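A quick write-up on the structure given underneath.
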Amino acid sequence: MRKTRLALVSLLTVLVAGLAADPVAAQASASAELINGLNGKLLYIAVPVTLLVEGILIYTIVKFRNNDDPSPTKENRRLEITWTIATAIILLFVGVASYGVLANENVAGAPQVEDASGDPVVVHAEAYQWGWEMSYPESGNFSTGTEIVVPKDRPVVIEVTSRDVIHGFHVPEMAMKVDAMPGQVNTIKTVPYEEGTYQGYCTEYCGVAHSQMYFTVDVVSQDEYQDWLDEQQSSE
């Protein structure tokens, strides 16, 4: 019983440490930071639980490997109460940590563009067989083909739709993913943290040229973005 309590205390200590832990590596966006941070916290649960279960399994195999006359285990009410409480605590931790991420606007999306704070950059991404048409409806409604350019450290709202069949908008490194539905606009929001070029593609099989549906997201400084925006607007 003492060993069981010690294991429970150790597990709870790891859970508390997981709540306080922050991802070390720089993240490309607010969405990536939230999702990767949640994955890291859940590992603090998964690893000790896995080790505990595997340890019990190995112990049982070794101890009872030559037992040709097994007998039912005796009821241990304390043990049952202990693992019930431990399970409840683990599920509560997972639920609270997950809800904090899944309910965040940078993961769940922005249902209304005007609700996004901080003067967001709005990009309209329209998928079709087999390509993308990106445009900036609030900055002159100019089109940029398969290229999205956004400034660093500023909210970005992307309106995703489709002209024909179901497609999928996905930028893995920025943890952005949403379906492109015909006759429907789905919005996704994030804040880019790191400058660079990020590859995006369609995640729904949509026909023979599905594999060619690539696009890019270029994250630049605010000054570079303003220069690019002025150039695009003057060429219209």
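The values are calculated or read from the model by the stated rules, or taken from the named source; none is laboratory data. These figures come from a predicted structure and were not determined experimentally. Every residue, glycine as well, gets a Cβ built from its backbone with ideal geometry; the counts of neighbours run over all protein chains shown. Remember, those area values only see protein heavy atoms, side chains included, never the ligands or the DNA or RNA. Shrake-Rupley method; radii C 1.70, N 1.55, O 1.52, S 1.80 Å.
Data overview
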{"read-out": "For segment 150-193 and segment 45-66, distance of Cα centres in Å", "value": "44 Å"}
{"read-out": "Gain on full stretching of the segment that runs from residue 63 to residue 26 - 0.36 nm per residue minus C-alpha separation", "value": "8.6 nm"}
{"read-out": "Percent of C-alpha pairs per 5 Å bin, segment 30-182, short to long", "value": "2, 7, 11, 14, 13, 9, 8, 7, 6, 6, 5, 4, 4, 2, 1, 0, 0"}
{"read-out": "Rough spin-label spacing in nm, given labels placed 7 Å along Cα→Cβ, for residue 146 and residue 221", "value": "3.0 nm"}
{"read-out": "Partners for residue 63 among aspartates and glutamates (Cα-Cα distance below 17 Å; same-chain residues under 8 apart left out)", "value": "54"}
{"read-out": "Sparsely packed GluC sites (Glu not before Pro) within segment 39-108, loop by DSSP, other Cβ within 10 Å at most 13", "value": "75"}
{"read-out": "Solvent-accessible surface (1.4 angstrom probe) belonging to residue 194, in square angstrom, nearest 10", "value": "80 Å²"}
{"read-out": "With DNA, RNA and ligands ignored, accessible area of residue 47 (1.4 Å probe; Å², nearest 10)", "value": "70 Å²"}
{"read-out": "Percent of C-alpha pairs per 5 Å bin, segment 134-181, short to long", "value": "5, 16, 24, 29, 18, 6, 1"}
{"read-out": "Highest to lowest packing among 81-87, 143-149, scored as the average C-beta count within 10 Å", "value": "143-149, 81-87"}
{"read-out": "Interatomic Cα distance distribution for segment 35-112, bins of 10 angstrom, percent", "value": "14, 30, 26, 16, 9, 4, 1"}
{"read-out": "Net lengthening on full extension, residue 173/residue 73 (0.36 nm per residue, minus Cα-Cα)", "value": "31.0 nm"}
{"read-out": "Segment 118-198, relative contact order in percent, only Cα pairs under 8 angstrom and at least six apart counted", "value": "29 percent"}
{"read-out": "Total charge dipole magnitude, segment 92-236, about the Cα centre, Cβ charges on Lys, Arg, Asp, Glu only, Debye to nearest 20", "value": "640 debye"}
{"read-out": "Per residue, in Å², the accessible surface of segment 96-236 once ligands and nucleic acids are set aside, probe 1.4 Å", "value": "48 Å²"}
{"read-out": "Rounded percent of accessible protein surface that carbon and sulfur make up, segment 63-220, 1.4 Å probe", "value": "51 percent"}
{"read-out": "Chymotrypsin sites (Phe, Trp or Tyr not before Pro) within segment 160-211, DSSP loop, no more than 14 other Cβ atoms inside 10 Å", "value": "205"}
